[in-house]
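The values are calculated or read from the model by the stated rules, or taken from the named source; none is laboratory data. Keep in mind it's a predicted model, so treat the numbers as computed, not measured. All Cβ positions, glycine included, derive from the backbone under ideal geometry; neighbour counts span all protein chains shown. What goes into the accessible areas is simple: the full protein's heavy atoms, side chains included, and nothing from ligands, DNA or RNA. Shrake-Rupley method; radii C 1.70, N 1.55, O 1.52, S 1.80 Å.
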Amino acid sequence: MLLPILRWPDPRLSQPCAPAVLDDDLRQLAADMLETMYAAPGRGLAAPQVGRLVRLFVMDVTWKEGARSPQVFVNPEVLALSGARLTGPEGCLSIPGPVTEVERAEAVHLRWTDLEGTRKDAWLTGFAAICAQHEYDHLDGILTLDRLGAEARALAEAAVQA
Ligand code: ZN
């Protein structure tokens, strides 16, 4: 089922999310979020973006170039960041319009639970690392706009499509 995507400045996008409980409801939410992400189209979507304030995000960073490889991250934790700090363009489905320049770590060590309840742990690099840091921020109520300086933020806010 396609879910409506909340748009900034909806206050729910700025709230920290509660731990997710892995049950059938959460599995359905993850499936709906993937469907919504592909339709948007986007490469990542966090639960608060569809109004559910739980620590869950979905991601597929390569589907636009080939086959789908959906990933679901339940209760992700950032264990470490490493490598250079890179500044690159990021869009957000909740902030249509501006592409913002956000600084991120080159690599992120993430721990999470998958939909089968298996604990996972991996270093993500490349675009996956950037996307995961972006989606993880959503779980703490942090948007790309919050990572900009005052001037860049004002420009980005002015560029948000009504
Ligand atoms: Zn976003």
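A few notes on this one:
- Applying the set (1) without any contact (Cβ under 8 Å) to a residue 60 or more places away in the chain; (2) among the aliphatic types (A, V, I, L, M); (3) open to solvent by less than 50 Å² (accessible area, probe 1.4 Å) to residue 79 leaves exactly one unmet item: (3).
- Subset of the range 143-157 (residues that are aliphatic (A, V, I, L, M) and in contact (Cβ under 8 Å) with a residue 12 or more places away in the chain): 143, 145, 148, 152, 155, 156
- Only residues that are free of Cβ contacts under 8 Å to residues at least 12 places away in the same chain and either in contact with a helix residue (DSSP H, G or I) (Cβ under 9 Å, 6 or more places away or on another chain) or polar (S, T, N, Q) (or both) were counted across the range 61-76, and they come to 2.
- Yes/no for residue 110 being more than 16 Å from the ligand (Cβ to nearest atom), open to solvent by less than 20 Å² (accessible area, probe 1.4 Å) and closer than 25 Å to residue 12 by Cβ: yes
- Among the residues of the range 8-48, those identified as surrounded by 16 or more Cβ atoms within 10 Å (Cβ to Cβ), out of contact with any Gly (no Cβ under 9 Å at 6 or more places or on another chain) and within 16 Å of residue 140 (Cα to Cα) are 8, 20, 44, 45, 46, 47.
- Unmet criterion (only one of (1) more than 14 Å from the ligand (Cβ to nearest atom); (2) aliphatic (A, V, I, L, M); (3) touching a Lys or Arg at 6+ places or on another chain (Cβ under 6 Å)) for residue 102: (1)
- Applying the criterion of being under 16 Å from residue 43 (Cα atoms) and open to solvent by 40 Å² or more (accessible area, probe 1.4 Å) to the residues of the range 82-96, the residue that is farthest from the chain's Cα centre (by Cα) is 89.
- Hits in the range 113-152 - residues which are among the charged types (D, E, K, R) and within 15 Å of the ligand (Cβ to nearest atom): 135, 137, 140, 146, 147
- Count of the range 87-99 residues which are small (Gly, Ala, Ser), within 20 Å of residue 124 (Cα to Cα) and within 12 Å of the ligand (Cβ to nearest atom): 1
- Residue in the range 49-76 that is most open to solvent (accessible area, probe 1.4 Å), counting only those that are within 12 Å of the chain's Cα centre (by Cα) and either closer than 23 Å to residue 148 by Cα or among the basic types (Lys, Arg) (or both): 55
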